[in-house]
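The structure appears right after this line, and notes come after that.
The values are calculated or read from the model by the stated rules, or taken from the named source; none is laboratory data. This one's a predicted model, so the numbers in the text were calculated from it and none came from an experiment. Glycine also receives a Cβ, built like all others from the backbone with ideal geometry; neighbour counts cover every protein chain displayed.
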Amino acid sequence: MSFDLERLRASLLPEPCSADFVLEDGVSDQPLTPAAVLFPIVLRDSGQTVLLTQRTAHLRDHAGQISFPGGRVEAEDISPSHTALRETEEEIGLSRERVEILGFLPEYRTGTGFRVTPVVALVRPPFVLLPDSFEVAEVFEVPLAFLLDPANHQRHSMHYRGALRNYFAMPYGEYFIWGATAGMIRSLAERLGLLQGA
């Protein structure tokens with residue numbers, strides 16, 4: 001199953017907007033660190049996929065977790081798109097020449113202290129990846145249709161910093177996609193109108 005690209009584009013925000021945001025369970029009133037991620041939709045002949053990374057186990061933030069390429073905003077970044085593209089090049093070696101930005105999802109505010117701008121983009125094969133072995137343990141792809149199907153969205157909870165936190169997960173084979181990554185995927189599914197009655 002493939003999603004109509006114009007429908008995808010029409011569901012997104014044309015510009016980043018911090019006034020439109022999603023709050024993860026457990027967000028405190030402390031200042032949040034600005035960050036941006038690339039939500040890369042790969043245009044495969046067999047259908048669209050989403051490019052994801054598994055972070056290495058020794059990192060300070062979100063060690064071992066599955067995530068979109070991206071990271072915190074640096075002083076030289078002129079926009080969330082710039083952050084997302086720079087971080088993607090640094091983390092997995094994907095050239096920005098292969099990336100076409102479609103639009104933005106609402107800012108995603110995490111319980112771990114970040115406010116993340118998801119930058120949704122198309123990636124056109126062929127491309128070469130050169131993952132940074134310090135940050136990235138693996139790069140893999142998951143069918144977009146699988147991730148957006150509410151039947152594959154599981155509700156979970158865990159105790160974190162003394163409180164019960166609720167979160168979504170989308171297990172795919174050996175990969176456990178959860179937390180902020182799953183939350184941003186849910187955000188796209190919601191904007192496409194796929195969560196009604198879910």
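Output the residue which, of all residues in the range 132-155 that are under 17 Å from the mean Cα position of the chain (by Cα) and assigned to a loop (DSSP other than H, G, I, E, B), is nearest to residue 5 (Cα to Cα).
149
Residue-by-condition table, conditions (1) of a type in the set (Val, Ile, Thr); (2) modelled with pLDDT of 95 or more; (3) touching a Leu at 6+ places or on another chain (Cβ under 7 Å):
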| position | (1), (2), (3) |
| --- | --- |
| 117 | yes, yes, no |
| 132 | no, no, no |
| 140 | no, yes, yes |
| 147 | no, yes, no |
| 152 | no, yes, no |
| 174 | no, no, no |
| 178 | no, no, no |
| 194 | no, no, yes |
| 197 | no, no, no |
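Output the residue which, of all residues in the range 1-33 that are more than 27 Å from residue 155 (Cα to Cα) and in a loop (DSSP other than H, G, I, E, B), is modelled with the lowest pLDDT.
Applying the filter and picking the extreme gives 17.
Name the residues in the range 34-48 that are out of contact with any Ser or Thr (no Cβ under 6 Å at 6 or more places or on another chain) and not in a loop (DSSP other than H, G, I, E, B), would you?
34, 35, 37, 39, 40, 41, 43, 44
Can you name the condition, by its number, that residue 182 falls short on among (1) under 19 Å from residue 25 (Cβ atoms); (2) assigned to a strand (DSSP E or B)?
(2)
Going residue by residue through the range 56-64, is there one that turns out to be within 28 Å of residue 2 (Cα to Cα) and in contact with a Gly (Cβ under 7 Å, 6 or more places away or on another chain)?
no
For the range 24-39, how many residues are under 17 Å from residue 104 (Cα atoms) and either surrounded by fewer than 14 Cβ atoms within 10 Å (Cβ to Cβ) or without any contact (Cβ under 8 Å) to a residue 24 or more places away in the chain (or both)?
0
Tell me, which strands (runs of 3 or more DSSP E) lie completely within the range 63-131 with 1 or more residues that are among the basic types (Lys, Arg)?
70-72, 107-109, 114-123
Look at residue 110 and say whether it is within 21 Å of residue 36 (Cβ to Cβ), crowded, with 16+ Cβ neighbours inside 10 Å and at pLDDT 95 or above.
Criteria not met by residue 110.
Checking the condition hydrophobic (A, V, I, L, M, F, W, C) and crowded, with 22+ Cβ neighbours inside 10 Å, which residue from 127, 104 passes?
104
Can you tell me which residue among 27, 42, 99, 37 is among the hydrophobic types (A, V, I, L, M, F, W, C) and touching a Phe, Trp or Tyr at 6+ places or on another chain (Cβ under 6 Å)?
37
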